[in-house]
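Step one of this worksheet: look at the structure below.
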Amino acid sequence: MPRKSSVIVVNDVSALAEAALARLADQMAKLEREIAVCLTGGTTPKHMYAMMAQPPWRERIPWGRVHWFMGDDRFVPYNDPLSNCGMAKRQFLDACAPADHIHMIDTDKGSPDGSAADYERILRNHLAQRDGPSLFDVVLLGVGPDGHTASLFPGSSAARETERWVVGVPQAAVAPFVPRVSLTLPCLSLVHEMIFLCAGAEKKAILERVFSGEDLPAARAFASAGETIWMLDLAAVPPNVRSTATDRHPG
Ligand code: 6PG
């Protein structure tokens with residue numbers, strides 16, 4: 001399938017959350033079957049996740065049909081402030097989603113590799129229950145200052161992995177410098193719609209490198225069964241990006 005991608009520019013981080021939620025809700029509304037969403041960690045999505053637990057978005061999400069996964073996590077307990085899974089559970093999952101629809105990375109295993117193997121089993125079991133080749137309907141991702149996405153850091157074996165779906169990452173290249181567990185590019189690509197969420201002037205430099213074609217993990221991630229959407233706020237737009245769709249959401 002030819003790779004399809006687009007750039008959507010919104011005014012600011014609040015508008016980014018609104019636009020991403022609108023896109024997520026619209027995608028869910030098109031589906032009558034069970035839906036799989038892979039969440040991203042980091043700080044950018046926190047506001048968006050909190051909004052999911054509030055009107056109007058809480059009413060627009062078909063919670064009984066959505067299964068929630070995580071693209072990567074820090075190898076820390078959920079109650080650690082660094083935990084992506086813990087953050088998503090606190091922001092909306094525990095309040096809104098059925099407990100058996102929440103499929104987080106178990107970071108209580110003996111090692112990142114052990115957590116990775118465990119989560120890969122969960123993902124492969126999940127795929128076995130879906131029709132077609134896509135594991136997810138929507139994957140949310142961010143971009144780090146070095147061009148990483150999930151916990152796939154430039155030059156790392158994890159970023160080069162071609163077979164495994166989930167890997168342990170013993171050393172992070174950027175803060176927080178804790179071991180990680182990450183889905184790999186082959187796994188993340190098994191999706192109908194991939195949405196990158198980027199906000200703030202601090203993203204401009206790395207996005208210029210990503211959109212220049214530099215071989216960075218964030219530049220290599222794409223939706224193999226649909227569209228890769230880059231959602232940027234105005235402050236994050238680099239000089240070499242022309243938005244293919246400018247939705248100036250209010251806010
Ligand atoms: C993580 C994330 C990571 C994040 C980027 C952007 O575990 O840190 O999964 O890939 O998405 O680093 O983070 P911000 O949204 O905080 O800029």
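Counting only heavy atoms of the protein chains and using a 1.4 Å probe, LEU127 has close to 40 Å² of accessible surface.
Its DSSP H runs of at least 4 residues, each contributing -39,500 (n - 2.57), put the calculated 222 nm mean residue ellipticity of the chain at -7500 deg cm²/dmol, to the nearest 500. LYS4 sits with roughly 120 Å² accessible to a 1.4 Å probe, with DNA, RNA and ligands left out of the calculation.
Taking every DSSP beta bridge that has both ends in the chain, the antiparallel portion is near 20%.
Rounded to the nearest 10 square angstrom, TRP230 shows an accessible area of 20 square angstrom against a 1.4 Å probe.
Net charge in the neighbourhood of LEU190 (other residues with Cβ under 15 Å of its Cβ; Lys, Arg +1, Asp, Glu -1) is -2. Pairs exceeding a 22 Å alpha-carbon distance, out of LYS46/LYS204; LYS30/LYS203; LYS89/LYS204: LYS30/LYS203; LYS89/LYS204.
Starting from the Kirkwood radius over alpha-carbon pairs of the range 4-242, derive D by Stokes-Einstein at 20 °C in a medium of 1.002 mPa s and give it in µm² s⁻¹. Translational D for this selection: 122 µm²/s.
Among PHE75, PHE136, PHE177, the order of accessible area from largest down is PHE177, PHE75, PHE136, computed with a 1.4 Å probe on protein heavy atoms.
What does the net charge come to around ALA150 if you take all other residues with beta carbon closer than 12 Å to its beta carbon, with K and R at +1 and D and E at -1? Local charge sum for ALA150: 0. Based on Cα contacts under 8 Å between residues 6+ apart, the range 4-242 shows a relative contact order of 25 percent. Placing unit charges on the Cβ atoms only, positive for Lys and Arg and negative for Asp and Glu, gives the range 4-242 a dipole magnitude near 180 debye about its Cα centre.
The values are calculated or read from the model by the stated rules, or taken from the named source; none is laboratory data. Fair warning: this is a prediction, and the values are worked out from it, not measured in the lab. Virtual Cβ from ideal backbone geometry, glycine too; neighbours counted across all protein chains shown. Remember, those area values only see protein heavy atoms, side chains included, never the ligands or the DNA or RNA. Shrake-Rupley method; radii C 1.70, N 1.55, O 1.52, S 1.80 Å.
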